[in-house]
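Read through the structure below, which is laid out as structure tokens, and then see the notes.
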Protein chains: 4
Amino acid sequence: MSSSLGEIFKVTTFGESHGPAIGAVVDGMLPGIPLNEEIIQRDLDRRRPGQSKLTTARGEADRVEILSGVFEGVTTGTPVALLIRNCDSRSSDYGNLAELFRPGHADYTYFRKYGVRDYRGGGRSSGRETAARVAAGAVAKALLGQNGIDLFAYTAAVGSIRGVAVNRDCIEKNPVRAADPDAVEAMTSEILSAAKEHDSVGGIVECQILHVPAGLGEPVFDKLDALLGQAILSIGGIKGIEFGDGFAAASLRGSRNNDQMTPDGFATNHAGGILGGISSGAPIIFRAAVKPTPSVGLPQRTVTKENCATVCEIAGRHDPCLCPRIVPVVEAMAALVIADALLLSKRMD
Amino acid sequence: MSSSLGEIFKVTTFGESHGPAIGAVVDGMLPGIPLNEEIIQRDLDRRRPGQSKLTTARGEADRVEILSGVFEGVTTGTPVALLIRNCDSRSSDYGNLAELFRPGHADYTYFRKYGVRDYRGGGRSSGRETAARVAAGAVAKALLGQNGIDLFAYTAAVGSIRGVAVNRDCIEKNPVRAADPDAVEAMTSEILSAAKEHDSVGGIVECQILHVPAGLGEPVFDKLDALLGQAILSIGGIKGIEFGDGFAAASLRGSRNNDQMTPDGFATNHAGGILGGISSGAPIIFRAAVKPTPSVGLPQRTVTKENCATVCEIAGRHDPCLCPRIVPVVEAMAALVIADALLLSKRMD
Amino acid sequence: MSSSLGEIFKVTTFGESHGPAIGAVVDGMLPGIPLNEEIIQRDLDRRRPGQSKLTTARGEADRVEILSGVFEGVTTGTPVALLIRNCDSRSSDYGNLAELFRPGHADYTYFRKYGVRDYRGGGRSSGRETAARVAAGAVAKALLGQNGIDLFAYTAAVGSIRGVAVNRDCIEKNPVRAADPDAVEAMTSEILSAAKEHDSVGGIVECQILHVPAGLGEPVFDKLDALLGQAILSIGGIKGIEFGDGFAAASLRGSRNNDQMTPDGFATNHAGGILGGISSGAPIIFRAAVKPTPSVGLPQRTVTKENCATVCEIAGRHDPCLCPRIVPVVEAMAALVIADALLLSKRMD
Amino acid sequence: MSSSLGEIFKVTTFGESHGPAIGAVVDGMLPGIPLNEEIIQRDLDRRRPGQSKLTTARGEADRVEILSGVFEGVTTGTPVALLIRNCDSRSSDYGNLAELFRPGHADYTYFRKYGVRDYRGGGRSSGRETAARVAAGAVAKALLGQNGIDLFAYTAAVGSIRGVAVNRDCIEKNPVRAADPDAVEAMTSEILSAAKEHDSVGGIVECQILHVPAGLGEPVFDKLDALLGQAILSIGGIKGIEFGDGFAAASLRGSRNNDQMTPDGFATNHAGGILGGISSGAPIIFRAAVKPTPSVGLPQRTVTKENCATVCEIAGRHDPCLCPRIVPVVEAMAALVIADALLLSKRMD
């Protein structure tokens, strides 16, 4: 286990689905910054199950409690501990899965690593773990907000449906969290169609981080893109990340891919706001590949703990597409990385 | 700066192009493992400039010296320090670039971060820094070899030319380091054509890690794919990484993307050998997007340190495509991550 | 703030006195080890206020709740989160101290560092923070116990009264936690006499760690004594630490201080079980200097936040001597360090 | 092995006595600070063997070379790598000791840990390793000097001879590095007398750090005294550390030990400049217990690698007292810790 992230703005998370609670400790928060439970709850509600017809019907309220680090409405500089009780833990839903490994899940690898089978809905590998990330990310966002840094993510693709326009106002007004109003309907259909077939579908989430000052990131191993990469790839279900033009840059010529400079700034932003691992002052842009939810109702071949062949049909309530609820998780992880890089950079002021 | 990577198998690198030397300290190497300069030199020679008509004509010999950590031909468990003197440091090649920022380079961001302009060929942001990674990676490979773990990388695409077959024997026999014999000629032409036009071209490098035992990787933040992602994205010029089906998984259904299991193992490997951030025992497969070399001879708009518009034409000797020489760097970074994960996993034996 | 300790067996604590709760997250616990709330509660009860006439009369129940990491009575390898609600938080006791800095306390330095004055009984610098350490230490002890390692601490001196004999059975049977039955009465008198005079008294706590295998400790910076030193000195009120003969060795000759070796082991243990920062297999022995409780009722000169001279008389309920309740804290910190060193050493098995 | 220290001002050392070289990499140095080899050499010369009649006659020149991180006389913000070649490596001196474990040395514990016997004068556990610390410490001192922080150490006791006065000008003018002119002669005699008897003698080194701003140190685990404790105890031969009144505080009453405050500052400095783990602005004062050099010529009982009883008589050239040469090592370690704490504190500016 390695449940801590960050150098001097450090988050530690804990908790399993179906245990008593999950939560996070944010160590290194600056003192004197306004913070309360409502601010954090706002992001948690965006990740909450049961928020629309596109997500699982499970009804976790996900109420956060601040246990420490805030006094009289502002942070004190001491660790901010955040607690979210697990309410709806119907582990009976999973009872029939206790003896087999669900394809595409971490059941098998956790069992091989730890030798202990926590069959209650995935335990620590459950998507539920990301609620703690979102809560911690809200603390990071409070810090970034004080420094004028702003970020947002959105669903850029569902299956083969890709958004084109980026309209920030659109995002929270549709259940897909798409940024392109013209793609919302097709994306919604794609998700509902997968659900109807007891299947699931993947997608792409894009994130933009605005007003990051030039100079963040610590070469050569803690480059800003390297740490964003780690943070985003640590989210369950993410299979790839690319910055700026990303994989498309592989087929470009250098003369076309370089962002030429003018006295008014960069003429283009193929690099996605990061050069040599350090922020350039241009918007940071990255995309993450989200795999289709592994929990599908269709029958799949698998094996039992005793390595006997069997068939798995997952009956529980699951998201047919991870994208809508993973959007705030991507934001949270990006915020945690930028907050740490920002504080680190202050040593040189 | 953050020049260290790894938790208990830790590498620290140092050095700039055109300074006296570069090198690495590998701390946490197990004792009793055969190691000598020849083993390390072999990988350095694969990264060396001037090795073929596809690479820069600069002629650094890149001879490594082991300064510590090895006694009577085996490691002692103390830090292995590796030194590579810089020989061919014609900084005059860069003299005319001292006052401007090269497009696509880290000149601008380093200057914004550190306020000191080391104009001698990029300083710490030079590709030369990766020689230290390769040397350290060879130490990691020696450790992995003792544990039966094997890995190799190759050029999977140059520009829009993609390899299909993976023939490991082919890789070191062609200057592109392509794994598909049928693609070598087209890839070579693509590179030479870019060079002839005073331009450069990008590509994709793929890596396979074989015989990794199930159970490596430390959720939830130090998942194996997250740490490989950090390590690979920390290489200059890499703009994206994907595991298994990666971005292609975004358009798949779950029933198609899940790797079903049989008593003989996984039926497919869409996941690329990692589930829930932990190795599954299947081969680990990832791809990295390599941007076109930013140093191109064509004229490009840029600005001086005083933010005045100017034009930049880079005359130096540069690789028209980074892929052939980045292959051993990708292997080195992967080896460092797997070595650390392997040692961490032993705490549970 | 830096509220995490340990490399691969890592504890993170949170919480202030007079906030809602304190607690700890223990990351890196091995799976499959029996653990429950009773095991942890046992050590918490030894640290609890109000346990005898020698300690403060405050009545915190200090009930621990395990929030994660344990399933069906054994650890799962995921983070063990521990929660202790603050019950008796009469911050009114401190009301009159809100505007001044208590001599010998961290009020002044916290204010200078964070600029936020949490006047409620010391906040994060309160001795209450050590309850989280004790809870986490109990998890470490469970791990050590499975590996045959055993440790105990005791009051070796109160003021100028020094114990001589070390009778382990005696320790928990007297309120001083002295190991020398012949010193209990004098030590008790010393503490009560200080209390009666509205004053406090210091002391020395000694710790023995038994059956530590040879080979633990990571030179050159994470030597076992160096990390024990950090851990023990991080406890509020500790002003020094020495190993084996410690400061007395300064006046010895080498021929007298060296532990000569025989085929049956070391002939003496002047080194206190650690040579070159690595455990030798002999018992590890160290002593910690405990300062007199800074909260005394006698009038003391101090200043207000506005730097005006004033007089401070502390009326609250405070321990006249920290030693009896710091004993389990010392054990906890030692256990955390040894658990981490033990897991690290396994990489070489 | 754990050869790195520090969070954002981080030093990594490498090298064994009798190997090709030792050295250090200092990562996190601020850019723009004047640095050259002379500055570093000055401190190395204070640690150098053969500098007086009180030290070993070995004649290592200990010339440092800066390999990176400095350009045109100032630091660039990239890692500062420092190399010191081993010149006088007469390993023949140690030939007869290859098969046995020297009492009081780390021979036995290194062998138990690593299973590899580097018999050449202690290898990594040799005092020679501290030259790399001194070189790195000189870089830290350059950073501190720019911030007005100043520190110095001196021999406060040799055997039972204790210095009283602290005259800073005296220190570098006598071979003991005593700060009390009246104690120099007795201390010198004590050392020479031990040497004449083929024995050695211990002592105490005291360190003062001046003009440290209030607010450095990171509770609760990286308190300033905790990290100084780790750093100093990581020096070979140090068996204890105490801050301010230290162990003497154990026998004091609180009313006597508290430093009362006045509008002009603290009335006393029993705390040694640190309260609650945070610097108070008063001078930081600590003392370290130095054990007698374990290498003595007198015959000592020991065992061979095969655990057979034998007798050890050490013929080599060794310091009869470690104090004079450990003084710059103590300074270096203190400087490294304060530099890191200083940079960390800047995040809150």
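Quick notes on this structure:
- Among C:Gly272, C:Gly23, C:Gly240, residue whose mean-square fluctuation peaks in a GNM of chain C (springs only between Cα atoms under 10 Å): C:Gly240
- At 7 Å out from Cα toward Cβ: B:Arg317 inter-copy label distances (nm, ascending): 4.7, 6.8, 8.1
- Relative contact order, percent, segment C:111-194 [alpha-carbon distance under 8 Å, six or more residues apart]: 19
- Kirkwood hydrodynamic radius (C-alpha pairs) into Stokes-Einstein, chain A, 37 °C and 0.692 mPa s, D in µm²/s: 156
- Taking only the Cα atoms of the protein assembly as shown, the ratio Rg/Rh comes out at 0.96, with Rh defined as the Kirkwood radius.
- A simple rule links phi to the HN-Hα coupling: the Karplus curve 6.51 cos²θ - 1.76 cosθ + 1.60 with θ = phi - 60°, which for segment C:258-266 gives 4, 8, 5, 10, 10, x, 8, x, 5 Hz, with x for Gly and Pro.
- Extreme residue, positive dipole direction of segment D:150-251, given options D:His198, D:Gly229, D:Phe247 (C-beta unit charges): D:His198
- Across the identical copies, the label point of C:Arg42 (7 Å from Cα in the Cβ direction) is separated from its matches by 4.9, 5.5, 5.9 nm, in order from shortest.
- Segment A:262-310: relative contact order in percent, alpha carbon pairs under 8 Å with at least 6 residues between: 20
- The alpha carbon centroids of segment B:310-325 and segment B:252-269 are separated by 43 Å.
- The rotation axis taking chain D to chain B passes closest to this chain D residue's Cβ, listed with the gap in Å: D:Thr12, 2.
- Shape analysis of segment D:26-159 places it in the prolate category; the axes a ≥ b ≥ c from the Cα gyration tensor give an a/c of at least 1.5, with a/b above b/c.
- Rounded if a/c under 1.5, otherwise prolate or oblate - segment B:83-216, Cα gyration tensor axes: oblate
- A simple count of charges around A:Glu7, restricted to other residues whose Cβ falls under 9 Å of its Cβ and scoring Lys, Arg +1 and Asp, Glu -1, yields -3.
- Built amide H within the under 5 Å cut-off of C:Val303, gap 5+: C:Phe101, C:Thr310, D:Met261
- Take the Cβ atoms of D:Glu99 and D:Glu185, set R0 to 25 Å, and the FRET efficiency comes out at 0.05.
- Global geometry of segment D:219-342, whether rounded, prolate or oblate, following the gyration tensor of its Cα atoms and the 1.5 cut on a/c: prolate
- FRET efficiency for B:Ala165 and B:Ala248, using Cβ-Cβ distance with R0 set to 22 Å, rounded to 0.05: 0.75
- ³J(HN,Hα), Karplus 6.51/-1.76/1.60, whole Hz, each residue of segment C:147-162, x for Gly, Pro: 10, x, 8, 9, 8, 7, 10, 6, 7, 9, 7, 10, x, 9, 8, 10
- Within the protein assembly as shown, percent of DSSP bridges classed antiparallel, to nearest 5: 95
- Long-range HN-HN contacts of B:Leu216 with modeled amide H, under 5 Å: B:Ser279
- Derived scalar couplings ³J(HN,Hα) [segment C:119-135; Karplus, 6.51 cos²θ - 1.76 cosθ + 1.60; whole Hz; x for Gly, Pro]: 7, 7, x, x, x, 6, 8, 5, x, 4, 4, 6, 4, 5, 5, 5, 4
- When C:Glu242, C:Glu313 are arranged by Cβ crowding within 10 Å, least crowded first, meaning fewest neighbours, the order is C:Glu313, C:Glu242.
- Compared with the dominant Cα axis of chain C, that is its longest principal axis, helix C:224-233 is turned about 10°.
- Rounded to the nearest 20, the size of the Cβ-charge dipole of the protein assembly as shown about its Cα centre is 0 debye, with Lys and Arg at +1 and Asp and Glu at -1.
- Sorted ascending by nearby beta carbons within 10 Å, beginning with the fewest, B:Val166, C:Val329, D:Val25 become B:Val166, C:Val329, D:Val25.
- Note on segment C:288-342: with charges restricted to the Cβ of Lys and Arg (+1) and Asp and Glu (-1), its dipole about the Cα centre is near 180 debye.
- Only lysines eight or more places from D:Lys53 in sequence, or on another chain, were considered; those with a Cα closer than 18 Å are D:Lys173, D:Lys196.
- Neighbour net charge for C:Gly246 - beta-carbon separation under 11 angstrom, K R +1, D E -1: -2
- For chain C, calculated [θ]222 nm from helices alone, where every DSSP H run of n ≥ 4 adds -39500 (n - 2.57): -7500 deg cm²/dmol
- Inter-copy separations for A:Val164, label at 7 Å along Cα-Cβ, nm, ascending: 3.2, 9.1, 9.4
- Net charge, A:Pro181 excluded, C-beta distance under 15 Å - Lys, Arg +1, Asp, Glu -1: -1
- Order of D:Cys207, C:Cys323 - criterion: other Cβ atoms within 10 Å of each residue's Cβ, fewest first: D:Cys207, C:Cys323
- Dipole size of chain B about its Cα centre, with +1 on Lys/Arg Cβ and -1 on Asp/Glu Cβ: approximately 740 debye, rounded to the nearest 20.
- Each listed q (0.13 Å⁻¹) maps to a log10 I(q)/I(0) for segment C:142-273 from the Debye sum over equal C-alpha point scatterers, namely -0.72.
- Relative contact order of chain A: 22 percent, from C-alpha pairs under 8 Å at least 6 residues apart in sequence.
- D:Thr268 long-range amide H proximity, modeled H, under 5 Å: D:Gln260
All of the numbers you see were taken from the coordinates with simple rules; none came from a lab. All figures in this text were calculated on a predicted structure; none of them were measured in a lab. So basically every Cβ, Gly included, is an ideal-geometry build from the backbone, and we count neighbours across all protein chains shown.
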